[in-house]
Amino acid sequence: MNEIVHKEILTPVTKKIVVNAPLIAKKAQPGQFVMLRIREEGERIPLTIADYDRDAGTITLIYQEVGLTTMLLGLMEVNDTIMDVAGPLGLPAELPESGKVVAVGGGVGVAPLLPKCKELHLRGVNLTSIIGARSHDLIILEDEMREYSDDLHICTDDGSRGFKGFVSDKLKELIDDGMTMDEVIAIGPMLMMKAVCEVTREHGIKTWVSMNPIMVDGTGMCGACRVSVGGQTKFACVDGPMFDGHLVDWDEAWRRANAYTEQEAIAVEHCRCGGGNNGC
Amino acid sequence: MAVKKRVEMPTQDPMIRRTNFDEVALGYTEEMAREEASRCLNCKKPLCVEGCPVSVDIPRFIELIKEGKFQDSIDVVKSTNSLPAICGRVCPQENQCEAKCVLGRRGDPIAIGRLERFVADWEMAHGKSEIPNVSKTGKKVAIVGAGPAGLTCGGDLAKLGYDVTIFESLHEPGGVLMYGIPEFRLPKSIVKTEVDYVKKLGVNIELDFIVGRTLTIDEIFAQGFEAVFVGSGAGLPMFMHIPGENLNGVYSANEYLTRINLMKAYLFPEYDTPIVSGKKVVVVGAGNVAMDSVRCALRLGAEKAMIVYRRGREEMPARAEEIHHAEEEGVEFHLLANPVRIFGNDKGWVTSIECIRMELGEPDESGRRRPVPIPGSEFVMEADTVVMALGTSPNPIIVNTTDGLSAHSWGGLIVDEETGRTKRPRVWAGGDAVTGSATVILAMGAGKTAAKDIHEYLSSGSEDW
Ligand SMILES: Cc1cc2nc3c(=O)[nH]c(=O)nc-3n(C[C@H](O)[C@H](O)[C@H](O)COP(=O)(O)OP(=O)(O)OC[C@H]3O[C@@H](n4cnc5c(N)ncnc54)[C@H](O)[C@@H]3O)c2cc1C
Ligand SMILES: Cc1cc2nc3c(=O)[nH]c(=O)nc-3n(C[C@H](O)[C@H](O)[C@H](O)COP(=O)(O)OP(=O)(O)OC[C@H]3O[C@@H](n4cnc5c(N)ncnc54)[C@H](O)[C@@H]3O)c2cc1C
Ligand code: SF4
Ligand code: SF4
Ligand code: FES
């Protein structure tokens, strides 16, 4: 179990791996995630199940290398085994059976968006997708998104492809041009999700976001993942990770996500200089 | 006969130990153990045994220590208590076995826990823990959770020839013994030795397996298991729901201790998981969990490590020894005080905590006098880390995903106490999942009770439940 059976480099900072995890593959639903740990000294980190193949018994993880654990994971190759993979965790996304949905994905956020888009497509829901990244070479999963969407818009911050600007700007443009929708699903960096919520708020469009707070266990045991939603404290790992974006306290979420910035830098530095045996 | 004083157990010097995670209590030497054992009256009607939830034959094992027959002694203990090295360290003996010892009426009771620890440690160092040869029944039993309840139930059933699989959600077995209780009080090598023994008995432990998510109990039955024991503990943290509780630097004790113990954040950056523990740490609560947290705070470099507790000294629920050790290490106790809000800076980090003084009123349902706030007595304490150690409740994941189980409103599974049977046929439960946060020995006792009933049920061949 937990062997990497396939690996792809999607962008200079994003990798995709397919992992042999039959039990998880069998149960996974769009919106759920796994907790993984890659070595004895390792941290437990959450990654969304970007896709699953129940017959092959595999799950797909797509991740951006942002710190120590994701960098070390990036060094793992086909046939290597991930020490611990636990799941599926979190509540499955509540997806509509019909109507019209706009899916907005920023950066690696397109990965967790993908299984929801796939499911919406299977259900026959009309889907417009807007995906974006800083630059054209950082766009991921374009082909898959195109397959599941009735309409796909690509945005880049630097204008090197598609619409020049943020995905939230593109959404605003579509709404201003008269497009209507039953709900929006927005996944990506926190600032992006917040910006999307600001666009949809004034139009009263229900907007789901996927929160990615720091987690330790992922099973409701520690409260590290707490987010304030509508004035109530929720644990993202068991009450989420999807929440009504108009109710999320974004400032608090942002502060909490950055609680360990200093330590995260130390961890990477330590691994580099102390390394060798860690293979980095 | 002159009443001899109890033999003290050597400990690391408080000022040194508050800077390391090594075990605080160092254990008896052979001489010390034999001397302490020699104080035991070997009572005809030993009251001490009544105080032990698993009825260890205390006079007998102590007699054997006196005679220097340590292997025989540990065998006696192990015939009813499968985790003696752990119980000897963490049982609240002053409320259990030692509370009942007749010698306690006129002087010091026998140090039963320390003696139990001594023989258990002796065996780990010298003994040959034998694996009994059992004939297999061919029946499969599943256990949820590798804490003391699950390990004990699994161990007992394996000895009876069942094919036992324990499903554990974390990446290490041991439950609270691994993620909650710190190294300096219960070395993890001891927990590992005990877990290894259970594995040697033939118990299979599946880690990273969240029952209710990876598979439900119904799906486990569908795989051919004939009985399920739920020992999933009481893992959900409580918060006070006061302003400022989500500031950076406010931890639940579960998160704080899990980072430190399970993830070894005290060894960061050798280990990857960080913790931010400040110079002025306030821990709210006064149970074992609070003592463990506040003493970890000292070891992580706190200059001031403080307990804030709404009742008085008498009411503190922690083991007497832990309170004593905490005091020796320089922990400050702010009793009869309760937090009302937490303040932070513009970056969202804790800076101080406002508390209100309390006084004790009429006794409440728990029989303890109810703390009531004194109006206008608010005061502010500086703090850069706050740890909420307010208690825990059972995780609803199992009840929510299993047909036919029922639970109290606070989450505890409803079972028949005599047998551990839940409302769902062929599902037993015990330990903190049933009682809410209690003790290691009670969890073990519940695991044993259920193992016995599971065996009776499965070996009777009856199909009526
Ligand atoms: C439910 C959920 C699903 C996620 N799915 C994906 C995904 O599919 N692809 C992907 O690339 N990322 C995903 N993330 C984010 C991913 O977990 C973090 O990028 C990862 O933990 C970073 O670890 P690190 O050691 O590499 O970096 P670190 O150096 O530890 O941290 C770098 C950044 O990651 C954040 N972070 C650190 N530790 C954690 C943690 N334990 N949990 C969450 N965030 C953390 C920090 O706030 C910081 O901004 C998800 C997060 C959550 C909560
Ligand atoms: C910090 C701390 C200090 C303590 N100090 C003392 C002390 O000094 N003396 C004393 O006697 N008691 C002490 N206690 C209490 C004692 O540890 C508990 O009463 C005891 O561990 C309960 O045992 P248990 O087996 O019922 O549950 P736990 O030890 O909680 O074990 C339950 C296990 O089940 C697993 N689990 C939960 N849900 C699932 C699921 N869905 N699927 C799979 N696995 C699951 C958990 O991960 C865990 O490993 C302390 C508790 C804490 C937290
Ligand atoms: S198991 Fe606990 S209560 Fe029983 S004799 Fe040992 S220390 Fe005392
Ligand atoms: S009651 Fe005390 S003195 Fe009597 S047998 Fe028990 S431990 Fe020994
Ligand atoms: S990650 Fe621990 S409670 Fe959510």
Cα gyration tensor shape of region B:26-115, rounded if a/c is under 1.5, else prolate or oblate by comparing a/b with b/c: rounded
B:402, B:435, B:29, reordered so the largest accessible area comes first (probe 1.4 Å): B:435, B:29, B:402
Dipole magnitude of the protein assembly as shown about its Cα centre (Cβ charges: Lys, Arg +1; Asp, Glu -1), debye to nearest 20: 1680
Positive minus negative residues near residue B:185 (Lys, Arg vs Asp, Glu; Cβ under 9 Å): -2
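From largest accessible area down, sort A:48, B:258; use a 1.4 Å probe on the protein chains.
A:48, B:258
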At least 30 Å² of accessible area lost relative to the chain alone, listed for region B:203-251 with a 1.4 Å probe: B:208, B:210, B:213, B:214, B:237, B:239, B:246, B:248
Long pairs among B:100/B:159; B:423/B:448; A:16/A:170; B:188/B:280, criterion Cα-Cα beyond 25 Å: B:100/B:159; A:16/A:170; B:188/B:280
Rh (Kirkwood; distinct C-alpha pairs) - region B:350-465, Å: 17.8
Calculated FRET efficiency for the pair residue B:315/residue B:423, C-beta based, R₀ 30 Å, to 0.05: 0.30
Rg over Rh [alpha-carbon atoms, Kirkwood Rh] for chain A: 0.95
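Relative contact order for region A:100-210: what is it in percent, counting Cα pairs under 8 Å that are at least 6 residues apart?
So the answer I get is 29 percent.
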Cβ-placed point charges (K, R +1; D, E -1), dipole of region B:239-390 about Cα centre in debye, nearest 20: 100
Region A:4-89 - percent relative contact order, Cα under 8 Å, separation 6 or more: 38
Convex hull of Cα atoms in region A:4-89, direction-averaged projection (nm²): 5.0
Inter-site label distance for residue B:218 and residue B:403 at 7 Å from Cα along Cβ, in nm: 0.5
Test item: B:325-337 mean partner chain Cβ contacts at 10 Å: 0
Set of aspartates and glutamates with alpha-carbon distance to residue B:139 below 15 Å, sequence-local pairs under 8 removed: B:156, B:163, B:226, B:453, B:456, B:463
FRET efficiency, 1/(1 + (r/R0)^6) with R0 41 Å, evaluated for residue A:261 and residue A:77 via beta carbons: 0.85
Residue B:296 accessible area, assembled protein chains, probe 1.4 Å, Å²: 0
Overall form of chain B per C-alpha gyration tensor (a/c, 1.5; a/b vs b/c): oblate
Furthest towards positive pole of dipole, B:243, B:366, B:290, structure part region B:239-390, Cβ charges: B:243
Cα extents of region A:159-203 along the three principal axes, largest first (Å): 30, 25, 14
Simple spin-label estimate for residue B:71 and residue A:144 in nanometres, 7 Å along Cα-Cβ: 6.1
Relative contact order of chain B, pairs being alpha-carbon contacts under 8 Å that are 6 or more residues apart, as %: 15
Sum of -39500 (n - 2.57) over DSSP H runs of 4+, divided by residues of chain B (222 nm, nearest 500): -9000 deg cm²/dmol
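If you take every DSSP beta bridge fully contained in the protein assembly as shown, what fraction is antiparallel? Give it as a percent rounded to 5.
In the protein assembly as shown, DSSP labels about 50 percent of beta bridges as antiparallel.
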Calculated FRET efficiency for the pair residue A:177/residue B:340, C-beta based, R₀ 41 Å, to 0.05: 0.20
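At a probe radius of 1.4 Å, figure out the A/B buried accessible area, summed over both chains, and give it in Å² to the nearest 100. It would help to have the intermediate numbers written out before the result.
Details: alone 13090 and 20370 Å², together 29770 Å².
What A and B bury together is about 3700 Å².
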Label point distance in nm, residue B:372-residue A:202, each placed 7 Å from Cα along Cα→Cβ: 5.4
GNM top mover of A:121, A:153, A:203 - chain A, alpha-carbon springs below 10 Å: A:203
Surface/4 estimate of mean projected area, convex hull on alpha-carbon atoms of the protein assembly as shown, nm²: 35.3
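The values are calculated or read from the model by the stated rules, or taken from the named source; none is laboratory data. Fair warning: this is a prediction, and the values are worked out from it, not measured in the lab. Cβ coordinates were reconstructed from backbone atoms using ideal geometry, including for glycine residues, and neighbour counts include every protein chain displayed. These area figures cover heavy atoms from the full protein model, side chains too; ligands, DNA and RNA do not enter into them. Shrake-Rupley method; radii C 1.70, N 1.55, O 1.52, S 1.80 Å.
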